[in-house]
Every structure is written in C-alpha cells, then in structure tokens.
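Here's the structure we're looking at; comments come further down.
The values are calculated or read from the model by the stated rules, or taken from the named source; none is laboratory data. Given the structure is predicted, the values throughout are model-derived calculations rather than measurements. Positions of Cβ are generated from backbone atoms using ideal geometry, with glycine treated the same way; all protein chains shown enter the neighbour counts. Accessible surface is based on the protein model in full, side chains and every heavy atom, while ligands, DNA and RNA are left aside. Shrake-Rupley method; radii C 1.70, N 1.55, O 1.52, S 1.80 Å.
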Amino acid sequence: MSKAWIRAKLPEFVRDMFRNFCMSSKALEQQFGSFDREGAVAFTILRDLIGQEMDKGLLWRMKDTAHHVFRNDPETPLTGQFLDWGLGYIFHETIKLKEDAYQALTYAPWFLALRGRDLPEDERVVVEELFQVLRQTEESMRREIDRIRFIMSQCRRLLPIYLARHKENALLARYLFSQNALVREVFGSDYAHLISTVYGDQPERMFVLAAQSLRLGGWVDEAALAVQGALAINPADRVVLQEKKILDNWTQRMVG
C-alpha cells in the first residue's frame, strides 16, 4: 500500500481502527470475565481473535489498521503515537495469553491425572515440581489480563482526544450511530465523554453526518432515524433542518 493511497483512505481506516478496537474490547472482556469467574479462557477463541499471517484475526487487523492510521499521517500527534503502541501492545500481549491458555488447556489435565497416580518417589517429585510451573502459568495469565485491561482503559482515554481531529468523518459518525449499543458497552460511563470530546458543543453533528452517509448509501430509513436523533438534541439547528429537508425530498421522490 502506498502512503498516498492510505492517506486518501484515512477516513475509512480511522473508522476501521475504532470499530476493531470496540469489537476487540468486547471479545477480550468476555474472555477476561470468564477468567475472573472460572480461572480459564478459551484458547480457540483467543487463537481466532489473533489469526495468522494468511488469515488475520480481529486483533491482528486492529494492529495493522492502527499502523496504517498513525504511521502514514504526517500530522499524527503524540496521542496517536500512544494509540499505535497501545493497540499493538494488546495484540502482542494476547499472543502470550493465548500460549499460556494452550499450556493450561493441554497439560493441566495430564499433570492432575499424574498427581493422582501411585508413582515412584523420584517421578512423583518431578511431577510436583513441574506442576508448580504450570500453576505459575495461571499467575502469568492473570498478569497478562491485567496488563491488557490497563492498556485498553488507556486507549479509551486517548481515543476521544485523537478522534476529535476527525469530527467531520462521516464514516466514523455512521459507525457511532449504527453500532451505538456496542460503543456504549465498551466505553460505559465514559461514553458521554467520548461524544462531547469528539463533537464538542454540537453532539447533533454526529447524527447529521451519520444521516448523510446513510442517505448517500441508500439506507434512507436508517438515515431518517439519525435525523430524528439530531432533532431530539437541537431541533432548531439550521444544518439539522437542512438534512431533514433533503431527506424528505429523497423520500418523496422514492414514493413518487
């Protein structure tokens, strides 16, 4: 990919980077919750989230997209450089978590079975010593999960600051609108801060941009819902009313 092409596609890459972060955060937190409750994560799910060189998973695509966004924009601020490192860190730390999960899945049952057998003293001692190493793997998994959770929380702090540079990105606005439930789930109590940081004192701008993108994509009914969201925030805004008028005209032509 040439840098010129990537810069031309930057709105899409920014949207994709944010989307991949939200989807990855939900998928990883589901696994972390499982570890909190049961002391285990699903190796196969982590394997699929990571993927491989010829079949990249969600986390791998998140890392690569972040590199495209932050390493090809000559005006990338320090916030973007932190995000580039953080999203890559999540990917690499999850690889370590996946390997530890494999050890726990594959060898823990075997060692437990060996501990229950009547073994010669020398072999019993070796089994006990090796089993302690395996138990340390579980401790490593907790540390890896704690580190990933921490970096994810820092990314949630940094993303609104960076995305404020892209407040006119219609594709980003469309994602925030269309996948609002997921974004709210990922950002939780920080959701309002996300919107206010990106759109300032014009939160209706997100709905207007989403409506424009949806309308141009032929999703008229969805665009109408976005316009209703904008009207609920600022019913007297000139841009909001203008988009409503355009959408009404489109709808009339389609009916006619």
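When only alpha carbons are used to place a centre, the range 140-158 and the range 190-206 end up 25 Å from one another.
Given a Förster distance of 22 Å, report the FRET efficiency between Gln242 and Ala8 from their Cβ-Cβ distance, rounded to the nearest 0.05.
Efficiency computed from Cβ-Cβ geometry: 0.20.
The spacing between the range 75-109 and the range 1-44, judged by their C-alpha centroids, is 11 Å. Rolling a 1.4 Å probe over the protein heavy atoms of the chain, with every protein chain left in place, gives an accessible area that is 54 percent carbon and sulfur. Approximating the spin labels as points 7 Å out from Cα along Cα→Cβ, the Thr76-to-Leu225 distance works out to 3.5 nm. Computed over the chain, the convex hull of the alpha-carbon atoms projects to a mean area of 18.1 nm². Structure remark: mean-square fluctuation, Gaussian network model of the chain, C-alpha springs under 10 Å; the largest value among Phe32, Phe150, Phe70 belongs to Phe150. For the chain, the longest principal axis of the C-alpha atoms and the axis of helix 10-38 are separated by about 40°.
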